[in-house]
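Data block below; observations after.
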Amino acid sequence: MVPTPAGGGYDVTARTVAIALEDAGLAEEVEVFNLTGSAGTTGLSRLVHESGNTRLIMQMGLGLVGSALADRAPHPIADATPLARLLEEPEAVVVPHDSPYRTFDQLAKAWRERSGLRAGVGSHPGGPDHQALMLIAETLGVSPADTPFSRYDGGGKLLAALLSHKIDFALTGSAEYRHAIAAGQLRVLAVTGPQRVAGINAPTLREHGHDLEVVNWRGLMAPPGISQRERAELIALLDRLHTTPQWRRALRDNGWTDAYLSGDAFSRFLTAENKRVAALLHRLGLTGPTTR
């Protein structure tokens, strides 16, 4: 199950997992379906209500952690069963090919001067693009409240807004627009990960002297109510997938970074991420002082 619209990062990841499982001979006829609504939390509620169903897993990631907190979802992430983190992907600061901003430093100068820059993100408030935008603003000494932005559902709408100059720049996943970047439609001014991204000629924020890293991630969860044995079997399936050439090729072809983490280690990571994102969203005024 994909809790977000077709064509987005979760959808692409889920369908890639399904194809890799089938091609590697680990599963047959894996069905992928989208259940959208409330920035992914509708799908989370469905997952929780499917208690004990070992034939359903849900694509999720940093964005769903943020939306569950920002929207005060009826079911927190902790109600589901963590399986594995699959991959990481840094954010990218992108501009149209004919933008007057040729470097991140030029953009940062205009940002600090409150020059009316129009930013765009492809995620909901609390999602990875929005988190990256607000954290960069803070790093530049600009209050997040002084950084207006427009939100676009789906990568296609955000790309159209960039190319039509409705916005000046955007925060997006570094792999989201690889084809548009390669075609010369967009330029990447900086990436937010710890190192440069292969195939993208852009420096990191640290290379510009900014002590900040923002990395998106995606993983899989199962419903609550499954037994320890059933959970172990699902994790073992994903462990095997991670070692296959089909999955390694999928990572390479999509520009994703292998960040595999399964079982209890992923559970601990997810708990820490929930606390980190809750504190960030509270600081941004998107949640109250307490979270579940």
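Coordinate-derived values only; no laboratory data. Everything numeric in this text was worked out from a predicted model, so none of it was measured. Reconstructed Cβ throughout: ideal geometry from the backbone, glycine too, with neighbour counts over all protein chains shown.
Between Val32 and Leu140, the FRET efficiency estimated from the beta carbon spacing at R0 = 25 angstrom works out to 0.05. For the chain, the longest principal axis of the alpha carbon atoms and the long axis of helix 9-23 meet at an angle near 40°. In terms of overall dimensions, the C-alpha atoms belonging to segment 142-238 reach 52, 34, 30 Å along their principal axes, ordered largest to smallest.
Per residue, the convex hull spanned by the alpha carbons of the chain comes to 119 Å³. Per-residue ellipticity at 222 nm from helix content only, as computed over the chain with -39500 (n - 2.57) for each DSSP H run of at least four residues, stands at -12000 deg cm²/dmol. Remark: segment 224-240, residue by residue, has Karplus-estimated 3J(HN,Hα) of x, x, 8, 6, 4, 5, 5, 5, 4, 5, 5, 5, 4, 4, 5, 4, 5 Hz, where x stands for each Gly or Pro and the curve is 6.51 cos²θ - 1.76 cosθ + 1.60 at θ = phi - 60°.
Value of Rg to Rh for segment 196-292, rounded to two decimals, is 1.05; Kirkwood radius and Rg both from alpha-carbon coordinates.
With no solvent and one equal point scatterer per Cα, compute the Debye intensity ratio I(q)/I(0) for segment 51-142 at 0.14, 0.23, 0.25 Å⁻¹ and report its log10, rounded to two decimals. One equal scatterer on each Cα of segment 51-142 leads to -0.67, -1.25, -1.37. Relative to the globular-protein estimate of 2.2 N^0.38 Å, the Cα radius of gyration of segment 24-101 stands at 1.44. Diffusion of segment 1-154 by Stokes-Einstein, at 4 °C in a medium of 1.567 mPa s and with Rh set to the Kirkwood radius over alpha-carbon pairs, works out to 74 µm²/s. Subtracting the Cα-Cα distance of Asp264 and His179 from 0.36 nm times their residue separation leaves 26.9 nm of extension gain. Other residues within the sphere of radius under 13 Å centred on the Cβ of Gly173, judged by their own Cβ, net out at -4 (K and R +1, D and E -1).
In order along segment 184-200, phi translates into HN-Hα couplings of x, 6, 10, 10, 9, 8, 6, 10, 9, x, x, 8, 5, 9, 4, x, 10 Hz, rounded to whole numbers, per the Karplus curve 6.51 cos²θ - 1.76 cosθ + 1.60 with θ = phi - 60° and x for Gly and Pro. Across all C-alpha atoms in segment 172-224, the radius of gyration and Dmax reach 13.8, 46 Å. To the nearest 10 degrees, how steeply does helix 245-254 sit against the main Cα axis of the chain, on a 0 to 90 scale? Approximately 20 degrees, to the nearest 10. Cross-link partners for Lys166 among the lysines, with Cα-Cα distance under 17 Å and sequence neighbours closer than 8 places in the same chain left out: Lys157.
Annotation: segment 89-208 has a Kirkwood hydrodynamic radius of 14.0 angstrom, from the mean reciprocal C-alpha pair distance.
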